[in-house]
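Please read the structure below before turning to the comments.
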Amino acid sequence: MRSTEREFISTVPGRDEQPEAMALLCGVQKSYFLDDVPVHVIKGVDLLIRPAHFTVLLGPSGSGKTTLLNMIGCIDRTDGGTVQVAACRVDQLSDDALSDFRARHIGFIFQNFNLLPVLSAYENVEYPLILAGASARIRGERVPRLLEAVGLADKARNLPGQLSGGQRQRVAIARALARKPKLVIADEPTANLDSRAGASILALMRRMQKRYRISFIFSSHDRDVIRAADDTIFIKDGLIRAIRRKGAGAPDR
């Protein structure tokens, strides 16, 4: 990695204890094996994800952006280097502790929505709260509030099959926010939507990010998403090729 991002990371106050970063990756490496042949997907990445920002990972297919998202999202583990999310060294956690951390602190929005087809919009949003052991009172307060926030209060009892693509993605956003995560990861969230629905979903995610002060990290090729980003990370062949950050004196490179 070029020195500018290392220098930017080094300016974060108290980064050894409580860094002002939603995610901090240092020297991260990841390989997979195709038969007996190692495929080096991430090749020593240093990266700081700023808190309460819209960050987009941009790169061609096979560049490593999904793998990088999976490591930040505590779905996959690094082969080398360190990964810190919400001031926690997640690369040092046990499998059970990592799963618990992911459930408590990270929400996910998927390209294909991943809603449970037999559950209503209300029940899909409620489901992660049930898994977390939230009381009926908390669920009864939070779920209607989230559905109202995403503009689907009148669709609470509809099944996913009775909703449009844009409406299903709105349910997915509400579900991602149900446990009040610190970070939301969205993998191509507008890819399966038409331009009008995609623009509406993008505007909604931006409102939710500002309202709840959450960090959003996307992988996307959508030009509207890229234009809306606070930080854009360009990745190719497992390496970060450029970073564009808006405001805060953050360096471009």
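List of remarks:
- Farthest toward positive dipole pole in the stretch 3-245 [+1 Lys/Arg, -1 Asp/Glu at C-beta], among PHE54, ALA121, CYS88: ALA121
- Backbone phi angles across the stretch 142-158, fed through the Karplus curve with coefficients 6.51, -1.76 and 1.60 (θ = phi - 60°), yield HN-Hα couplings of 6, 4, x, 5, 5, 5, 5, 5, 9, x, 10, 4, 7, 10, 4, 9, 6 Hz in residue order; Gly and Pro are listed as x.
- Cross-link reach is defined here as a Cα-Cα straight distance under 17 Å, omitting same-chain residues fewer than 8 places apart; for LYS236 the lysines meeting it are LYS30, LYS43, LYS65.
- A prolate overall shape is assigned to the stretch 143-253, the ratio a/c of its alpha-carbon gyration tensor axes (a ≥ b ≥ c) being 1.5 or greater and a/b exceeding b/c.
- Compactness of the chain as Cα Rg over 2.2 N^0.38 Å, two decimals: 1.01
- Summing charges over neighbours of THR55, with a neighbour being any other residue whose Cβ is under 10 Å away from its Cβ, gives 0 when K and R count +1 and D and E count -1.
- Calculated FRET value between ASP237 and ALA203, using beta carbons and R₀ = 35 Å, to 0.05: 0.60
- Sum of side-chain charges, LEU93 neighbourhood, beta-carbon under 10 Å (Lys, Arg +1; Asp, Glu -1): -1
- Seen from ASP231, the other residues with C-beta closer than 9 Å to its C-beta sum to a net charge of +3, counting Lys and Arg as +1 and Asp and Glu as -1.
- Whole-Hz couplings from phi, Karplus 6.51/-1.76/1.60, listed for the stretch 22-37; x for Gly and Pro: 6, 9, 9, 10, 10, x, 6, 10, 8, 10, 10, 10, 9, 6, 9, 9
- Translational diffusion coefficient of the stretch 86-125 (Stokes-Einstein, Kirkwood radius from Cα pairs, 37 °C, 0.692 mPa s): 266 µm²/s.
- Backbone N under 13 Å from the ARG77 label point (7 Å along Cα→Cβ), restricted to the stretch 99-117: 99
- Separation in nanometres of the label points that stand 7 Å from Cα toward Cβ, at LEU119 and ALA97: 2.8
Values quoted throughout were computed directly from the atomic coordinates according to the rules given, and no laboratory measurement underlies them. Just so you know, these numbers come straight off a predicted model, no measurement behind them. For neighbour counting, all protein chains shown are included, and Cβ atoms are generated from backbone atoms with ideal geometry for every residue, glycine included.
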